[in-house]
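J.: First, the structure itself, so that you have it in front of you.
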Amino acid sequence: MATMKLRRKLLIFILPSLALVAAGYSLWPPKAALDGTLETSGRIEGEQAAVAAKVAGAVASLLVAEGARVEEGALIAQLDSQVAQAELRRAEHLVHAARQELAAAHARVPEAKREAEAARSAVTLAREESRTRIAPMITMPGHH
């Protein structure tokens, strides 16, 4: 009978203990998966997102309503392009003017080459004339 009492005492102690362990396990937060991720269920709501333009400018029109859902990369606003268009026209004008200056410089190259050749010829002629004038003086008797 002593073994019966012992079994009854063990059952009275073990059954509530097992119930407490099972309750604790079910209420315990989920374990992280082996790859380091946490598995759970629930709902995630995004309240706000940071939005930035790639270029500065005044907003010309909004293409979505405030609070509307949008996909990543979706166009949500258009910027006023008047300033950018004016800068583009100015840059195009500067490119055109630079091309005209380059063409004019290329057109001047043949004339500059002719002038350089004429200057070389003038130097050569001047040397020959100088030698011709100096030669008789060097060969004259009494001049060393």
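The values are calculated or read from the model by the stated rules, or taken from the named source; none is laboratory data. Note that this is a predicted model, so its numbers are computed, not measured. Positions of Cβ are backbone-derived with ideal geometry, glycine not excepted, and every protein chain shown enters the neighbour counts.
Yes/no matrix, rows are residues, columns are (1) under 30 Å from residue 52 (Cα atoms); (2) modelled with pLDDT of 85 or more; (3) out of contact with any Ser or Thr (no Cβ under 6 Å at 6 or more places or on another chain):
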| residue | (1), (2), (3) |
| --- | --- |
| 66 | yes, no, yes |
| 70 | yes, no, yes |
| 89 | yes, yes, yes |
| 96 | no, yes, yes |
| 112 | no, yes, yes |
| 136 | no, no, yes |
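J.: Out of 53, 32, 116, 104, I need the residue that is of a type in the set (Gly, Ala, Ser), surrounded by 10 or more Cβ atoms within 10 Å (Cβ to Cβ) and at pLDDT 85 or above. Which one?
T.: On inspection, the qualifying residue turns out to be 116.
J.: Oh, and also: Do we have residue 127 as surrounded by 10 or more Cβ atoms within 10 Å (Cβ to Cβ), under 30 Å from the mean Cα position of the chain (by Cα) and over 30 Å from residue 51 (Cβ atoms) here?
T.: Here the answer is no, as residue 127 does not meet what is asked.
J.: Okay, next question. Enumerate the pairs (first residue in segment 119-130 and modelled with pLDDT of 95 or more; second residue anywhere and of a type outside the set (A, V, I, L, M, F, W, C) and not in a helix (DSSP H, G or I)) with beta-carbon separation below 7 Å, excluding pairs fewer than 6 apart on the same chain, so at least 6 apart or on different chains.
T.: none
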